[in-house]
Amino acid sequence: MKKALMLFAATTLMVSPALAADTYKLDSVHSHAEFKILHLNTGYQYGRFNDVEGTVWVDEKTPANSKVEVTIKTASVDTKNPKRDEHLRSADFFNAAQFPTLSFKSTKVEGAGANKYKVSGNLTLHGVTKPLTFVFTKTGGGKDPWGGTRLGGEATFKINRFDYGINFMPDGLGKDVTLMLSFEGIKQ
Amino acid sequence: MIIPFITPLILALGAGLLALLPLTQPRARQLWLFKLLAVISPLIGFYVGYSRMLPQWWQPFPPPDSSRWLAFFLPVFALLALSRPKCPIWLISSLQALFGAGFAWLTLTPMREQNWSQTALLLSVFSFALTQTLYPVLLEQTSEKTDSPSLGLSLLALVLGSSGVLYLQASSAVFTLQAWMQAMLLIIPIGLLIWQKDLKLQGLFTLPAFLLSGLWLNALLFSSAAKWWPLILLFGFTPWLLKTKLLSQQSKTRRQSLVFLLTGTLLGIVLAVIWLSQPDPSMYWG
């Protein structure tokens, strides 16, 4: 019985990559999810989501053991105009009543040079899940003044909003949305 | 901003009017064709306009976004509208209630997933099914009993247009455009009723009334519309004013114009009050 338990524990450790990695919980005060979109084919409009949560599992020696999970509350959209935010929350865009969150879960992480990782996974937005790949850059890390350990990173990528059924105003707003994620994670 | 907003409206009206082309042939001007086109032309126009609102003419089925079921139910209600003159009213009304309940059930998908109580869900489905079944029948009877078929449809267009303004207030331009497209497209059955005197009103309210009540259900669930705003649906019943003593001595055209103007003014006042009572009464144009 003891042998079987030990074998089970060893097997679990081998097949569960996240267990070998360090776990960092996103510090929502120092994590940001911003976006920009072309308005009337003229100027870029910027916005952000104020409620970002997630966990990052990092194994720098074996990147394949790393993992990313981020969840953002769509109702927290903020474009410094309350009326526009209300419009973005409505069924014209995010339909926050039906889809309160957008999320990303990685399925594969590979090394892509010094402090860079190629992250592949699934982005779920507006009820549609699509595969997405982006390059994640580690921006820093180390001890913080409160005795904890932090890791910082960022990623920028584009998505086609029409792919996710956010397709109102095809003439008024660009189809490409650039998302910029920047975070600090606190080691657990 | 205005041009992307207006294009679907112009296209909808253009396509709806183009669908009337068979009537340019004098031989084709049979009563059945008038009946068919009074329902089908606005439907064609609506789909053409709707397809311009979104980048693809097709939409995934089933739609992931519950606020997009409306477009899929319109052909069903067009069929019911066309069957209305030939089938007993109890049968058409039962089918309307059944499909209306199905539409409401599907639209309420997120609320089912977000643990709304069974009572709240069933009450919402029942209320919607009842409203969208009774509303066109009552509008039709109002128009018939006051002998004002084209006025009844004109007032429904006015209510649709005003509802569109309220959807804009509630931050949903998608619902606004759908309401305004339908309001504009009512020109077609109104014109056909004036042109062909033998054309009956039966069934002509079915499709626009379903669209209007469906849009209100969506607006209440997926936008910031206030719960009392759908009361403006009652403005569709103002043709009863034609029966008042005050108007009875006027000519028919004058009486109808007065009722139309009075309804328009009252709706304008309601919209102004709603707009001015907003915390920040500034218009946002996207």
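Taking the Cα centre as origin and putting +1 on Lys and Arg beta-carbons and -1 on Asp and Glu beta-carbons, what dipole magnitude results for segment A:37-120, to the nearest 20 debye?
The dipole magnitude comes to about 160 debye.
Which lysines have a Cα less than 19 Å from the Cα of A:Lys80, not counting those fewer than 8 places away in the same chain?
Here the lysines satisfying the reach criterion relative to A:Lys80 are A:Lys36.
At 222 nm, what helix-only mean residue ellipticity would chain B give, in deg cm²/dmol to the nearest 500, using -39500 (n - 2.57) for each DSSP H run of four or more?
-22500 deg cm²/dmol
With respect to the cross-link table entries B:Lys227/B:Lys252; B:Lys200/B:Lys227; B:Lys86/B:Lys245; A:Lys83/A:Lys116; A:Lys73/A:Lys187, which display a Cα-Cα separation exceeding 29 Å?
B:Lys227/B:Lys252; B:Lys200/B:Lys227; B:Lys86/B:Lys245; A:Lys83/A:Lys116
Count the net charge of all other residues whose Cβ sits under 9 Å from the Cβ of A:Leu181, scoring Lys and Arg as +1 and Asp and Glu as -1.
-2
Out of segment A:55-142, which trypsin sites (Lys or Arg not before Pro) are coil in DSSP terms and have no more than 14 other C-beta atoms within 10 Å?
Those that pass, being in a loop and sparsely packed, are A:Lys61, A:Lys80.
Hey, what angle do you get for helix A:2-15 against the long axis of chain A, alpha-carbon based, 0 to 90 degrees rounded to 10?
40
Once you put a point 7 Å from the Cα of B:Asn115 and another 7 Å from the Cα of A:Lys108, both along the Cβ direction, what distance in nm separates them?
If labels sit at B:Asn115 and A:Lys108, their model points lie 3.8 nm apart.
Give me the distance between the Cα centres of segment B:159-229 and segment B:75-143, rounded to whole Å.
16
Chain B: longest stretch without exposed trypsin sites (Lys or Arg not before Pro) (DSSP loop, at most 14 other Cβ within 10 Å), sites themselves excluded?
B:87-196
Which FRET efficiency value, to the nearest 0.05, do you get for A:Phe157 and B:Lys227 by plugging their Cβ-Cβ distance into 1/(1 + (r/R0)^6) with R0 = 51 Å?
Efficiency, rounded to the nearest 0.05: 0.80.
Using the number of other C-beta atoms within 10 angstrom as an exposure proxy, rank A:Thr129, A:Thr137 with the fewest first.
Final ranking by Cβ density, sparse to dense: A:Thr129, A:Thr137.
With Cβ to Cβ distances under 14 Å as the rule, what net charge do the other residues near B:Ala120 carry (K, R +1; D, E -1)?
Counting the neighbours of B:Ala120, the net charge comes to +1.
In straight Cα distance, which aspartates and glutamates are under 12 Å from A:Lys25, not counting same-chain residues fewer than 8 positions off?
Within reach: A:Glu53, A:Glu69, A:Glu184.
For each of A:Met180, A:Met169, B:Met181, count neighbouring Cβ atoms within 10 Å of the residue's Cβ, then give the residues from fewest to most.
Placing the least packed residue first, the sequence is A:Met180, A:Met169, B:Met181.
How high is the FRET efficiency from A:Asp78 to B:Leu130, r the C-beta distance, R0 45 Å, rounded to 0.05?
0.65
Using alpha carbon centroids, what distance separates segment B:238-258 and segment A:64-86, in Å?
Value for the Cα centre distance between the two parts: 56 Å.
At 7 Å along Cα-to-Cβ for each site, give me the label-to-label distance between B:Leu17 and B:Ile89 in nm.
For the pair B:Leu17/B:Ile89, the computed spacing is 3.5 nm.
Quick check for you: which residues of segment A:66-100 have the amide N under 16 Å from the point 7 Å beyond the Cα of A:Glu34 toward its beta carbon?
Within reach of a label on A:Glu34, which here means backbone N under 16 Å from a point 7 Å along Cα→Cβ, segment A:66-100 contributes A:77-81.
Counting helices only, and only those DSSP H runs with n ≥ 4, report the 222 nm mean residue ellipticity of chain A as the sum of -39,500 (n - 2.57) divided by its residues, in deg cm²/dmol to the nearest 500.
-4000 deg cm²/dmol
List every residue whose amide H lies under 5 Å from the amide H of A:Thr101, counting only residues 5 or more places away in sequence or on a different chain, with H placed 1.01 Å from N in the peptide plane.
The answer is A:Thr74.
Considering only A:Leu40, A:Phe157, A:Pro131, whose Cα is most displaced toward the positive end of the charge dipole of chain A, charges sitting on Cβ of Lys, Arg (+1) and Asp, Glu (-1)?
A:Pro131
Return A:Ser106, B:Ser163, B:Ser248 ranked ascending by Cβ neighbour count within 10 Å, so the fewest neighbours appear first.
The fewest-first ordering by Cβ neighbours comes to B:Ser248, A:Ser106, B:Ser163.
Using a Gaussian network model on chain B with a 10 Å cutoff between Cα atoms, which of B:Gly214, B:Gly164, B:Gly14 fluctuates the most?
B:Gly14
Hey, in the GNM for chain B with a 10 angstrom Cα cutoff, which one of B:Leu212, B:Leu121, B:Leu13 fluctuates hardest?
B:Leu121
Under 19 Å from the Cα of B:Lys243, which aspartates and glutamates turn up, not counting those fewer than eight places away in the same chain?
B:Glu140, B:Glu144, B:Asp147
Could you give the distance between the Cα centres of segment A:170-184 and segment A:98-128, to the whole Å?
Taking the Cα centre of segment A:98-128 as reference, the centre of segment A:170-184 is 15 Å away.
Quick note: the coordinates plus some simple rules give every number you see, no bench work behind them. A quick note: this is a predicted structure, and the numbers were derived from the prediction, not measured. Positions of Cβ are backbone-derived with ideal geometry, glycine not excepted, and every protein chain shown enters the neighbour counts.
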